[in-house]
Amino acid sequence: MTNDTADNPGVRLPWAGKIVRIEEVEEQLSVLWKMSADNMRTAQNTNVRTSVLNLVICAPDIESAQRASRVLRELSSTHLARVAILIFDSSEERPAALWTWVTLRCFSMYSDLMRHCFEQTTVLASGNARRAIGNIIEPLLKPDLPVYLWWLGDPPDTSDTTFNNLIELSDRVIFDSTGFFNPEQDICTLAALSEASPNCAMSDLNWGRITPWLQLVAQFFDTPEYRPYLSGVNSIEIEHAVIPLVAQVRTQLGDVSPNPARALLLAGWLKTRLGWTLAGDTSHNHHDTASGTYLWSMERSPRSTRLLTSPRNKTGKGNASISIRPQVQTEMRPGSICLVRLTSNIENKRATFTISLEGDTEHVLTSVELGHEIRSKRLVSLAAVYNEGELLHNELEVVSHDYLFEQILREVTELLEAE
(Lines give C-alpha, C1' and ligand atoms only; values in the text may rest on other atoms or scores of the structure.)
Protein backbone atom coordinates (compact mmCIF):
# COMPACT_ATOMS: atom_id res chain seq x y z
CA MET A 1 0.00 0.00 0.00
CA THR A 2 1.33 3.44 -0.90
CA ASN A 3 0.86 6.84 0.65
CA ASP A 4 1.27 9.67 -1.83
CA THR A 5 2.88 12.90 -0.69
CA ALA A 6 3.39 16.34 -2.16
CA ASP A 7 6.14 14.88 -4.33
CA ASN A 8 3.66 12.43 -5.86
CA PRO A 9 0.21 13.81 -5.06
CA GLY A 10 -1.86 11.56 -7.28
CA VAL A 11 -5.11 13.38 -6.46
CA ARG A 12 -5.48 17.08 -5.63
CA LEU A 13 -8.19 18.33 -3.25
CA PRO A 14 -7.57 22.04 -2.58
CA TRP A 15 -10.56 22.27 -0.23
CA ALA A 16 -9.11 19.50 1.98
CA GLY A 17 -5.92 21.36 2.92
CA LYS A 18 -2.34 20.17 2.87
CA ILE A 19 -1.40 16.70 1.68
CA VAL A 20 0.70 14.78 4.23
CA ARG A 21 1.67 11.26 5.16
CA ILE A 22 -0.81 9.50 7.44
CA GLU A 23 1.80 9.26 10.21
CA GLU A 24 2.37 13.03 10.06
CA VAL A 25 -1.22 14.05 10.76
CA GLU A 26 -0.80 14.91 14.45
CA GLU A 27 2.41 16.82 13.86
CA GLN A 28 0.93 18.87 11.02
CA LEU A 29 -2.22 19.68 12.98
CA SER A 30 -0.05 21.02 15.82
CA VAL A 31 1.76 23.24 13.33
CA LEU A 32 -1.55 24.54 11.97
CA TRP A 33 -2.79 25.41 15.47
CA LYS A 34 0.40 27.35 16.16
CA MET A 35 0.12 29.21 12.86
CA SER A 36 -3.48 30.09 13.65
CA ALA A 37 -2.50 31.56 17.00
CA ASP A 38 0.39 33.54 15.48
CA ASN A 39 -1.91 35.03 12.85
CA MET A 40 -4.40 36.33 15.38
CA ARG A 41 -4.25 39.91 16.59
CA THR A 42 -4.44 38.46 20.08
CA ALA A 43 -3.40 34.94 20.91
CA GLN A 44 -5.66 34.48 23.91
CA ASN A 45 -7.22 30.99 23.99
CA THR A 46 -6.50 30.31 20.32
CA ASN A 47 -3.95 27.59 20.90
CA VAL A 48 -6.29 25.38 22.98
CA ARG A 49 -7.17 22.27 20.99
CA THR A 50 -10.68 21.60 22.24
CA SER A 51 -13.04 18.99 20.85
CA VAL A 52 -16.30 17.64 22.23
CA LEU A 53 -16.74 14.74 19.80
CA ASN A 54 -15.28 12.80 16.88
CA LEU A 55 -17.13 12.98 13.57
CA VAL A 56 -16.25 10.47 10.85
CA ILE A 57 -17.82 11.12 7.45
CA CYS A 58 -17.78 8.32 4.86
CA ALA A 59 -18.35 9.44 1.28
CA PRO A 60 -18.66 7.33 -1.88
CA ASP A 61 -17.01 10.01 -4.04
CA ILE A 62 -15.16 13.33 -3.89
CA GLU A 63 -18.23 15.43 -4.79
CA SER A 64 -20.23 14.02 -1.86
CA ALA A 65 -17.31 14.59 0.49
CA GLN A 66 -16.99 18.22 -0.58
CA ARG A 67 -20.72 18.83 -0.03
CA ALA A 68 -20.46 17.35 3.46
CA SER A 69 -17.40 19.49 4.18
CA ARG A 70 -19.42 22.62 3.39
CA VAL A 71 -22.13 21.58 5.85
CA LEU A 72 -19.56 21.46 8.67
CA ARG A 73 -19.28 25.23 8.75
CA GLU A 74 -22.76 25.40 10.26
CA LEU A 75 -21.62 23.23 13.18
CA SER A 76 -18.51 25.23 14.09
CA SER A 77 -20.13 27.37 16.77
CA THR A 78 -21.76 24.53 18.69
CA HIS A 79 -19.87 21.29 18.02
CA LEU A 80 -16.10 21.58 18.12
CA ALA A 81 -15.15 18.25 16.65
CA ARG A 82 -12.20 16.34 15.33
CA VAL A 83 -13.44 15.53 11.85
CA ALA A 84 -12.24 12.73 9.59
CA ILE A 85 -13.63 12.58 6.05
CA LEU A 86 -13.13 9.18 4.41
CA ILE A 87 -13.54 8.92 0.65
CA PHE A 88 -13.77 5.42 -0.82
CA ASP A 89 -12.51 5.02 -4.38
CA SER A 90 -14.34 1.96 -5.67
CA SER A 91 -12.46 1.77 -8.99
CA GLU A 92 -11.38 -1.82 -9.48
CA GLU A 93 -8.28 -0.88 -11.49
CA ARG A 94 -6.75 1.29 -8.76
CA PRO A 95 -4.11 -0.30 -6.52
CA ALA A 96 -4.27 -0.14 -2.73
CA ALA A 97 -3.33 3.42 -1.81
CA LEU A 98 -3.98 6.22 0.69
CA TRP A 99 -3.93 9.98 0.23
CA THR A 100 -4.22 12.16 3.33
CA TRP A 101 -4.86 15.90 3.77
CA VAL A 102 -5.13 18.01 6.92
CA THR A 103 -6.56 21.46 7.54
CA LEU A 104 -7.66 23.64 10.43
CA ARG A 105 -11.01 25.24 9.67
CA CYS A 106 -11.61 28.48 11.56
CA PHE A 107 -14.68 30.68 11.40
CA SER A 108 -15.15 34.13 12.90
CA MET A 109 -18.06 34.33 15.29
CA TYR A 110 -18.39 38.05 16.00
CA SER A 111 -15.04 39.41 14.85
CA ASP A 112 -11.52 38.17 14.18
CA LEU A 113 -10.96 38.33 17.92
CA MET A 114 -13.34 35.40 18.45
CA ARG A 115 -13.01 32.37 16.22
CA HIS A 116 -14.01 28.73 16.46
CA CYS A 117 -11.71 26.13 14.94
CA PHE A 118 -11.86 22.40 14.33
CA GLU A 119 -9.46 19.91 12.83
CA GLN A 120 -10.27 18.13 9.60
CA THR A 121 -8.40 15.16 8.20
CA THR A 122 -9.40 13.87 4.77
CA VAL A 123 -8.41 10.37 3.65
CA LEU A 124 -8.91 8.95 0.16
CA ALA A 125 -8.61 5.16 0.16
CA SER A 126 -8.53 2.92 -2.90
CA GLY A 127 -8.18 -0.79 -3.51
CA ASN A 128 -7.69 -3.05 -0.52
CA ALA A 129 -6.84 -0.03 1.65
CA ARG A 130 -10.58 0.46 2.12
CA ARG A 131 -10.82 -2.79 4.09
CA ALA A 132 -8.26 -1.58 6.63
CA ILE A 133 -9.76 1.88 7.04
CA GLY A 134 -11.00 1.13 10.56
CA ASN A 135 -7.48 0.42 11.78
CA ILE A 136 -6.13 3.40 9.85
CA ILE A 137 -8.62 5.91 11.23
CA GLU A 138 -8.67 4.75 14.86
CA PRO A 139 -5.38 6.49 15.86
CA LEU A 140 -6.75 9.75 14.43
CA LEU A 141 -9.72 9.80 16.81
CA LYS A 142 -9.56 11.56 20.15
CA PRO A 143 -9.98 9.03 22.97
CA ASP A 144 -12.77 9.27 25.57
CA LEU A 145 -15.01 11.27 23.24
CA PRO A 146 -18.11 9.92 21.46
CA VAL A 147 -17.66 8.87 17.84
CA TYR A 148 -20.36 9.76 15.31
CA LEU A 149 -20.27 8.09 11.89
CA TRP A 150 -22.06 9.94 9.08
CA TRP A 151 -22.44 7.52 6.16
CA LEU A 152 -23.30 9.21 2.85
CA GLY A 153 -25.11 7.37 0.08
CA ASP A 154 -26.65 3.92 0.14
CA PRO A 155 -26.06 1.82 3.27
CA PRO A 156 -23.84 -1.26 2.99
CA ASP A 157 -25.14 -4.71 3.74
CA THR A 158 -24.52 -6.42 7.07
CA SER A 159 -21.51 -8.34 5.72
CA ASP A 160 -19.56 -5.27 4.57
CA THR A 161 -16.12 -5.48 6.25
CA THR A 162 -15.33 -1.79 5.96
CA PHE A 163 -18.60 -0.72 7.55
CA ASN A 164 -18.41 -3.33 10.30
CA ASN A 165 -14.91 -2.14 11.26
CA LEU A 166 -16.10 1.47 11.43
CA ILE A 167 -19.26 0.67 13.35
CA GLU A 168 -17.18 -1.01 16.07
CA LEU A 169 -15.54 2.38 16.68
CA SER A 170 -18.79 4.36 16.61
CA ASP A 171 -21.40 5.26 19.18
CA ARG A 172 -23.94 6.51 16.64
CA VAL A 173 -24.34 6.06 12.88
CA ILE A 174 -26.17 8.69 10.84
CA PHE A 175 -27.66 8.04 7.40
CA ASP A 176 -29.68 10.22 5.06
CA SER A 177 -32.28 8.23 3.17
CA THR A 178 -33.05 11.20 0.91
CA GLY A 179 -29.98 10.13 -1.08
CA PHE A 180 -30.80 6.40 -1.22
CA PHE A 181 -30.84 5.23 -4.84
CA ASN A 182 -32.78 2.10 -3.89
CA PRO A 183 -35.05 3.47 -1.13
CA GLU A 184 -37.08 0.33 -0.46
CA GLN A 185 -34.11 -2.02 -0.33
CA ASP A 186 -31.99 0.48 1.61
CA ILE A 187 -34.60 1.08 4.31
CA CYS A 188 -34.86 -2.68 4.81
CA THR A 189 -31.05 -2.77 5.00
CA LEU A 190 -31.13 -0.09 7.73
CA ALA A 191 -33.53 -2.24 9.73
CA ALA A 192 -31.20 -5.25 9.31
CA LEU A 193 -28.14 -3.17 10.32
CA SER A 194 -29.97 -1.95 13.41
CA GLU A 195 -30.73 -5.53 14.42
CA ALA A 196 -27.18 -6.70 13.67
CA SER A 197 -25.48 -3.87 15.64
CA PRO A 198 -27.48 -3.45 18.87
CA ASN A 199 -24.62 -1.62 20.61
CA CYS A 200 -24.56 1.20 18.09
CA ALA A 201 -27.41 3.69 17.75
CA MET A 202 -28.67 4.44 14.24
CA SER A 203 -30.54 7.43 12.87
CA ASP A 204 -31.66 9.02 9.62
CA LEU A 205 -31.69 12.74 8.78
CA ASN A 206 -35.01 12.11 7.03
CA TRP A 207 -36.51 11.18 10.40
CA GLY A 208 -35.65 14.70 11.53
CA ARG A 209 -37.17 16.15 8.35
CA ILE A 210 -40.56 14.56 9.01
CA THR A 211 -40.62 15.24 12.77
CA PRO A 212 -42.57 18.53 12.33
CA TRP A 213 -45.14 16.63 10.26
CA LEU A 214 -45.55 14.09 13.05
CA GLN A 215 -46.06 16.88 15.56
CA LEU A 216 -48.63 18.62 13.38
CA VAL A 217 -50.63 15.39 12.97
CA ALA A 218 -50.63 14.83 16.73
CA GLN A 219 -51.65 18.44 17.41
CA PHE A 220 -54.91 17.96 15.50
CA PHE A 221 -56.10 15.70 18.27
CA ASP A 222 -54.86 17.84 21.15
CA THR A 223 -58.03 19.88 20.60
CA PRO A 224 -60.91 18.46 22.69
CA GLU A 225 -63.38 19.09 19.85
CA TYR A 226 -61.45 16.87 17.43
CA ARG A 227 -60.16 14.25 19.84
CA PRO A 228 -63.13 11.84 19.42
CA TYR A 229 -62.43 11.63 15.67
CA LEU A 230 -59.09 9.93 16.35
CA SER A 231 -60.89 6.66 17.00
CA GLY A 232 -62.63 6.89 13.63
CA VAL A 233 -59.60 7.45 11.39
CA ASN A 234 -59.87 4.92 8.56
CA SER A 235 -57.88 6.46 5.70
CA ILE A 236 -54.37 7.90 5.47
CA GLU A 237 -53.12 9.58 2.30
CA ILE A 238 -49.53 10.77 1.81
CA GLU A 239 -48.01 12.44 -1.24
CA HIS A 240 -44.30 12.92 -1.95
CA ALA A 241 -42.58 15.19 -4.48
CA VAL A 242 -40.97 13.84 -7.65
CA ILE A 243 -39.40 15.68 -10.54
CA PRO A 244 -41.08 15.40 -13.98
CA LEU A 245 -38.92 12.58 -15.32
CA VAL A 246 -39.87 8.98 -15.96
CA ALA A 247 -36.54 7.34 -15.10
CA GLN A 248 -35.00 7.40 -11.63
CA VAL A 249 -32.33 10.09 -11.36
CA ARG A 250 -29.97 11.68 -8.82
CA THR A 251 -29.96 15.49 -8.76
CA GLN A 252 -26.93 17.77 -8.34
CA LEU A 253 -27.81 18.17 -4.66
CA GLY A 254 -27.63 14.41 -4.16
CA ASP A 255 -31.40 13.83 -3.97
CA VAL A 256 -32.94 10.84 -5.72
CA SER A 257 -36.26 10.96 -7.58
CA PRO A 258 -38.51 9.20 -6.98
CA ASN A 259 -37.64 8.57 -3.35
CA PRO A 260 -40.62 7.85 -1.06
CA ALA A 261 -38.43 7.31 2.04
CA ARG A 262 -40.00 10.16 4.05
CA ALA A 263 -43.50 9.07 3.06
CA LEU A 264 -42.73 5.49 4.10
CA LEU A 265 -41.35 6.58 7.49
CA LEU A 266 -44.43 8.73 8.07
CA ALA A 267 -46.72 5.86 7.09
CA GLY A 268 -44.88 3.50 9.44
CA TRP A 269 -45.22 5.99 12.30
CA LEU A 270 -48.95 6.48 11.72
CA LYS A 271 -49.49 2.73 11.46
CA THR A 272 -47.88 2.00 14.80
CA ARG A 273 -49.33 5.05 16.58
CA LEU A 274 -52.86 4.09 15.52
CA GLY A 275 -52.29 0.44 16.33
CA TRP A 276 -53.14 -0.76 12.84
CA THR A 277 -52.12 -4.11 11.38
CA LEU A 278 -51.94 -5.38 7.82
CA ALA A 279 -55.21 -6.88 6.63
CA GLY A 280 -55.34 -10.53 5.74
CA ASP A 281 -56.97 -9.72 2.41
CA THR A 282 -54.19 -8.28 0.24
CA SER A 283 -56.14 -8.27 -3.04
CA HIS A 284 -56.47 -4.47 -3.01
CA ASN A 285 -52.86 -3.77 -2.10
CA HIS A 286 -50.74 -1.96 -4.67
CA HIS A 287 -46.93 -1.69 -4.83
CA ASP A 288 -45.12 0.18 -7.61
CA THR A 289 -41.46 0.74 -6.77
CA ALA A 290 -40.67 2.65 -9.95
CA SER A 291 -43.07 5.51 -9.18
CA GLY A 292 -43.19 5.28 -5.38
CA THR A 293 -46.90 4.39 -5.29
CA TYR A 294 -48.38 2.15 -2.58
CA LEU A 295 -51.71 1.07 -1.15
CA TRP A 296 -52.19 -1.18 1.85
CA SER A 297 -55.41 -2.52 3.31
CA MET A 298 -55.26 -2.30 7.09
CA GLU A 299 -57.21 -3.48 10.09
CA ARG A 300 -57.87 -1.22 13.05
CA SER A 301 -57.34 -2.95 16.37
CA PRO A 302 -59.10 -2.12 19.65
CA ARG A 303 -55.84 -1.37 21.44
CA SER A 304 -55.05 2.12 22.74
CA THR A 305 -53.83 4.71 20.27
CA ARG A 306 -50.49 6.29 21.08
CA LEU A 307 -50.99 9.61 19.35
CA LEU A 308 -52.47 10.88 22.62
CA THR A 309 -51.39 10.24 26.17
CA SER A 310 -54.90 9.43 27.39
CA PRO A 311 -55.49 5.65 27.69
CA ARG A 312 -59.24 6.14 27.24
CA ASN A 313 -59.09 6.70 23.50
CA LYS A 314 -59.56 3.42 21.68
CA THR A 315 -59.38 2.76 17.98
CA GLY A 316 -62.49 1.11 16.69
CA LYS A 317 -62.04 -2.24 14.99
CA GLY A 318 -62.65 -2.17 11.26
CA ASN A 319 -61.13 -1.68 7.83
CA ALA A 320 -58.70 1.10 6.93
CA SER A 321 -56.12 1.97 4.29
CA ILE A 322 -52.79 3.72 3.81
CA SER A 323 -51.93 5.15 0.41
CA ILE A 324 -48.73 6.80 -0.81
CA ARG A 325 -48.49 8.43 -4.20
CA PRO A 326 -46.09 10.74 -6.08
CA GLN A 327 -46.84 14.36 -6.92
CA VAL A 328 -44.88 16.03 -9.73
CA GLN A 329 -43.24 19.18 -8.39
CA THR A 330 -40.64 21.36 -10.07
CA GLU A 331 -39.98 23.70 -7.12
CA MET A 332 -39.53 21.11 -4.37
CA ARG A 333 -36.64 18.80 -3.63
CA PRO A 334 -37.53 15.20 -4.50
CA GLY A 335 -38.82 13.16 -1.61
CA SER A 336 -40.39 16.11 0.23
CA ILE A 337 -43.77 15.45 1.80
CA CYS A 338 -46.42 17.42 -0.12
CA LEU A 339 -49.59 16.33 1.63
CA VAL A 340 -50.87 14.29 4.56
CA ARG A 341 -54.60 13.67 4.89
CA LEU A 342 -56.40 11.68 7.58
CA THR A 343 -60.09 10.91 7.08
CA SER A 344 -62.31 9.92 10.01
CA ASN A 345 -65.88 8.67 10.17
CA ILE A 346 -67.64 8.46 13.51
CA GLU A 347 -71.37 8.32 14.22
CA ASN A 348 -72.13 9.22 10.58
CA LYS A 349 -69.95 12.34 10.85
CA ARG A 350 -67.01 12.76 8.51
CA ALA A 351 -63.89 14.76 9.42
CA THR A 352 -60.87 15.41 7.23
CA PHE A 353 -57.53 16.55 8.69
CA THR A 354 -55.11 17.88 6.07
CA ILE A 355 -51.55 19.19 6.04
CA SER A 356 -50.34 20.44 2.66
CA LEU A 357 -47.57 22.55 1.21
CA GLU A 358 -49.05 25.77 -0.09
CA GLY A 359 -47.27 28.18 -2.43
CA ASP A 360 -43.70 27.64 -1.24
CA THR A 361 -41.55 24.89 0.21
CA GLU A 362 -41.14 26.34 3.70
CA HIS A 363 -44.75 26.64 4.87
CA VAL A 364 -47.62 24.19 5.25
CA LEU A 365 -51.32 24.82 5.63
CA THR A 366 -53.18 22.74 8.19
CA SER A 367 -56.95 22.48 7.95
CA VAL A 368 -59.86 20.63 9.49
CA GLU A 369 -63.05 19.96 7.55
CA LEU A 370 -66.16 18.70 9.33
CA GLY A 371 -68.79 17.68 6.84
CA HIS A 372 -68.58 20.42 4.22
CA GLU A 373 -67.46 23.10 6.64
CA ILE A 374 -63.82 24.11 7.07
CA ARG A 375 -63.44 24.71 10.78
CA SER A 376 -59.82 25.85 11.13
CA LYS A 377 -56.82 26.83 9.04
CA ARG A 378 -53.26 27.54 10.14
CA LEU A 379 -50.03 28.40 8.28
CA VAL A 380 -46.91 26.81 9.82
CA SER A 381 -43.25 27.36 8.94
CA LEU A 382 -41.10 24.31 8.19
CA ALA A 383 -37.92 26.17 7.19
CA ALA A 384 -35.65 24.22 9.56
CA VAL A 385 -36.70 20.94 7.93
CA TYR A 386 -34.61 21.73 4.85
CA ASN A 387 -31.44 22.82 6.65
CA GLU A 388 -29.03 19.89 6.53
CA GLY A 389 -26.67 21.55 8.99
CA GLU A 390 -29.47 21.97 11.54
CA LEU A 391 -30.53 18.35 11.10
CA LEU A 392 -26.96 17.15 11.63
CA HIS A 393 -26.62 19.47 14.63
CA ASN A 394 -29.61 17.78 16.26
CA GLU A 395 -28.17 14.31 15.61
CA LEU A 396 -24.88 15.25 17.26
CA GLU A 397 -26.78 16.17 20.42
CA VAL A 398 -27.78 12.54 20.98
CA VAL A 399 -25.66 9.44 21.55
CA SER A 400 -28.29 6.98 22.78
CA HIS A 401 -30.68 4.86 20.72
CA ASP A 402 -33.83 6.32 19.22
CA TYR A 403 -35.98 3.28 19.88
CA LEU A 404 -39.05 4.79 18.19
CA PHE A 405 -37.11 5.29 14.96
CA GLU A 406 -35.79 1.73 15.12
CA GLN A 407 -39.33 0.47 15.63
CA ILE A 408 -40.55 2.48 12.63
CA LEU A 409 -37.83 0.90 10.48
CA ARG A 410 -39.25 -2.50 11.35
CA GLU A 411 -42.79 -1.29 10.62
CA VAL A 412 -41.79 0.03 7.19
CA THR A 413 -39.97 -3.21 6.41
CA GLU A 414 -43.14 -5.11 7.26
CA LEU A 415 -45.15 -2.92 4.90
CA LEU A 416 -42.66 -3.31 2.06
CA GLU A 417 -42.49 -7.05 2.46
CA ALA A 418 -46.28 -7.46 2.47
CA GLU A 419 -47.63 -9.21 -0.59
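Taking helices (runs of 4 or more DSSP H) as the structural unit, those lying wholly within the stretch 157-269 and holding at least 2 residues that are closer than 22 Å to Met298 by Cα, in contact (Cβ under 8 Å) with a residue 24 or more places away in the chain and of a type outside the set (Gly, Ala, Ser) correspond to 183-196, 205-220.
Pairs linking a residue in the stretch 135-150 that is closer than 22 Å to Phe175 by Cα to a residue that is open to solvent by 30 Å² or more (accessible area, probe 1.4 Å) and in a loop (DSSP other than H, G, I, E, B), with Cβ atoms under 8 Å and 6 or more positions apart or on different chains, are Leu145/Val52; Pro146/Asp171; Pro146/Val399; Val147/Asp171; Tyr148/Asp171. May I ask you to verify whether Leu342 is in contact with a helix residue (DSSP H, G or I) (Cβ under 8 Å, 6 or more places away or on another chain), aliphatic (A, V, I, L, M) and closer than 30 Å to Ala192 by Cβ? No. Can you confirm whether Glu74 is of a type in the set (D, E, K, R), modelled with pLDDT of 90 or more and not in a loop (DSSP other than H, G, I, E, B)? So Glu74 does not fit the description; no. In the stretch 231-248 there is no residue matching the filter, namely being surrounded by fewer than 15 Cβ atoms within 10 Å (Cβ to Cβ), of a type in the set (A, V, I, L, M, F, W, C), within 23 Å of Leu205 (Cβ to Cβ) and modelled with pLDDT under 85.
Looking across the stretch 189-203, just one residue is within 19 Å of Tyr294 (Cβ to Cβ) and out of contact with any Leu (no Cβ under 6 Å at 6 or more places or on another chain), and that is Thr189. Checked against the criterion of being in contact with a Cys (Cβ under 8 Å, 6 or more places away or on another chain), acidic (Asp, Glu) and open to solvent by 10 Å² or more (accessible area, probe 1.4 Å), the stretch 176-195 has no qualifying residue.
Filtered by the rule that a residue be polar (S, T, N, Q), modelled with pLDDT of 90 or more and farther than 15 Å from Gly17 by Cβ, the stretch 30-70 gives Asn54, Ser64.
Being at pLDDT 80 or above, among the small types (Gly, Ala, Ser) and under 29 Å from the mean Cα position of the chain (by Cα) is the filter here, so list the residues in the stretch 86-125 that pass it. Selection gives Ala125 alone. Checked against (1) open to solvent by 20 Å² or more (accessible area, probe 1.4 Å); (2) more than 17 Å from the chain's Cα centre (by Cα); (3) modelled with pLDDT of 90 or more, Val217 passes all but condition (1).
The values are calculated or read from the model by the stated rules, or taken from the named source; none is laboratory data. From a predicted model like this one, the values you see are computed outputs, not experimental measurements. Methodologically, a virtual Cβ is constructed for each residue, glycine included, from the backbone with ideal geometry; neighbour enumeration extends over all protein chains shown. These accessible areas exclude ligands, DNA and RNA; they are computed on the full protein's heavy atoms, side chains included. Shrake-Rupley method; radii C 1.70, N 1.55, O 1.52, S 1.80 Å.
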